[in-house]
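Reviewing the structure listed below.
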Amino acid sequence: MILTEQKIKRIGRRFWRGSKYKNWQKSKSPYNCLYVTGDLFYAITYLKSEEFDFRENGYLIEYVLKDRVNIFNARYYKDYRKLEDWCRVHNPEFLKVLPKLKDYDWLDVLSSSNRNGLIDILKGLGYDGFFNIENKQGKILRRIETIRNEDDLYGFSGLGIFDEKCLSRFEEYQGWKEITKLPEVKSLIETAKEECKSIILRMYKSALEKLEITPNILELLKAKLENYIIDCSFLPFFLMTDAEISEFVQNFNFEKELLEEEIYKKKMIHRPIFNRC
């Protein structure tokens, strides 16, 4: 699939790579590919998965694809037919797994030798890389609000590039201080805070139904909330430090937020409905 960007209808689309390494090291990359993604949050999770202090040493690299890059897309019928025709003549065994490449993570579908073999085939057919759906359940998840745990990450399309020359390095961010200057990252953090708020109000209302909230009980509730949120499986919470979560909970104005939520609900219930002609 020749990506002159009008094909994906987003001129200058940005791709991201999160890593402990400033520069891509081919010898340390699985299957000799540089993996990037169009989803910023997904790229940041690769920082978290490394066993080092990503807030101090992690790198977030921003790329754009160069013009006329040929990326294999199993969901694009011309690409699929081209690979299918080659396999039918030269390697019929691959025909069994080809349909799964449209919906499932290649790492799950193919063995190591088959993955390397398929990459060699794609190179021979003139491709510069491939789209990997990275999906376990056969569905694509696109919104951060749907990400509840590690498994929900699958679904974001990853892009495996065979040669870094196919990409233009647009910008580089080192350490959390630099990364959080990005408006998109600030928005992700706000999403995590909104989820914090939702959890706090839910647990607070549950406590109100069961007992009278005294200052001592409120302090116990805050401690319980801190531990719960820090240990929560909602993945975007890693964007906040434990100290930031603690500060958020301790400074949370329970009564004010609860009142604002109730006022908002009443406004939504009683808002006027206009007929459209």
## Note on the structure
Here region 165-224 gives, from Cα atoms, an Rg and Dmax in Å of 19.8, 65
### Query
Which entries in the list Lys222/Lys256; Lys100/Lys165; Lys193/Lys224 go over 25 Å, if you measure between the two C-alpha atoms of each?
Lys100/Lys165
### Task
Report the extension gain between Glu194 and Lys256 in nm, rounded to one decimal, defined as 0.36 nm multiplied by the number of residues separating them, less their alpha carbon distance.
20.8 nm
### Query
Across region 170-180, in residue order, what do the Karplus-derived ³J(HN,Hα) couplings come to in whole Hz, using 6.51 cos²θ - 1.76 cosθ + 1.60 with θ = phi - 60° and x for Gly and Pro?
8, 7, 9, 10, 10, x, 5, 4, 6, 4, 6
### Summary
Counting only residues 5 or more apart in sequence or on a different chain, those whose built amide H sits under 5 Å from that of Val69 are Leu3
### Task
Tell me which residues come under 5 Å, amide H to amide H, from Tyr35 once H is placed; ignore anything under 5 positions away on its chain.
Ile161
### Task
Would you grab the residues whose amide H sits under 5 Å from the one on Phe170? Only those 5+ places off in sequence or on another chain, please, with H modelled 1.01 Å from N.
Glu62, Tyr63, Val64
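Where a number appears in this text, it was derived from the coordinates with a stated rule and is not lab data. Note that this is a predicted model, so its numbers are computed, not measured.
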